[in-house]
Amino acid sequence: MQNKPSKIPAVFLDRDGTINREVDHLRSVGQLRIIPSAAKAIRLLNRAGFLAVVITNQAVVARGMASEAEVDGIHAVMARRLARGGAKIDAIYYCPHHPDADVKKYRIRCRCRKPDIGMIMRAAKEHGIDLERSFLVGDRTVDIFAGKKAHVRTVLVRTGYGGKDRKFDVVPDFFAKDLMAAAKIIIKNAK
């Protein structure tokens, strides 16, 4: 009888305002600026045994500001830049939908757009993630609400919007100055 492989913890990372600087609708590689120490923070999480999974709403596609191919290109460049700093992104999931989209094919109410948890659940299934031991890091209340709905512990970073969007009335489990501080909190509080 074989032992069933054990599930592994992950850190679900918002992209804009958490890994890279918030520019309000990042739509080209030229706008991509990785936050200092983000690569080092992700590398710490990698070494601590966490998968690093990016989950990001990308309404730029629904608004016709960027194509899915352009978003994929941005993600490829982001992953390469982080890798130069020793950080590994294990997976990237994004939602191109928006209920008020300008591009008709993306105008839907989906289950992947945060605060819904479709991206988190898909990642958990595809990568054998133990949600009970996982965390979500983001800069907006929509991120924290998604984390709460998925029953993972949450960290609100003060970079990007820093929770000032006030879209949802939620309280994170932890507050952190940036992703590096969040990584240290996560490692200290890992189960």
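With each label modelled as a point 7 angstrom along the Cα→C-beta vector, the Asp100-Arg80 pair spans 3.6 nm.
Each peptide in 19-25, 41-47, 63-69, 8-14 gets a packing score, the mean of other Cβ atoms within 10 Å over its residues, and the list from highest to lowest is 8-14, 41-47, 19-25, 63-69.
Taking the mean number of other Cβ atoms within 10 Å as a proxy for protection, how do you rank 84-90, 165-171, 73-79 from highest to lowest?
Those peptides, ordered most packed to least, come out 73-79, 84-90, 165-171.
Rounded to the nearest 10 degrees, the angle from helix 179-188 to the longest Cα principal axis of the chain is 30 degrees. At a probe radius of 1.4 angstrom, the accessible area of the range 1-154 per residue rounds to 48 square angstrom. The fraction of accessible area contributed by carbon and sulfur in the chain is 50 percent, rounded to a whole number (1.4 Å probe; ligands and nucleic acids excluded).
Only helices enter the 222 nm calculation for the chain: every DSSP H run of n ≥ 4 contributes -39,500 (n - 2.57), and dividing by all residues gives -9000 deg cm²/dmol, rounded to 500. Under a 5 Å amide H cut-off, with hydrogens placed 1.01 Å from N, Leu51 pairs with Ala10, Val11 among residues at least 5 apart or on other chains. Spatial offset of the range 98-138 relative to the range 158-189 amounts to 19 Å, using the alpha carbon center of each.
The gain in end-to-end length when the Lys188 to Phe168 segment is fully stretched comes to 4.5 nm, 0.36 nm per residue minus the alpha carbon separation.
The values are calculated or read from the model by the stated rules, or taken from the named source; none is laboratory data. Just so it is clear, the model here is predicted, and its values are computed rather than measured. Every residue, glycine among them, receives a Cβ derived from its backbone with ideal geometry; neighbour counts consider all protein chains shown. To get the accessible areas, we keep the full protein, side chains included, count just its heavy atoms, and leave off ligands, DNA and RNA. Shrake-Rupley method; radii C 1.70, N 1.55, O 1.52, S 1.80 Å.
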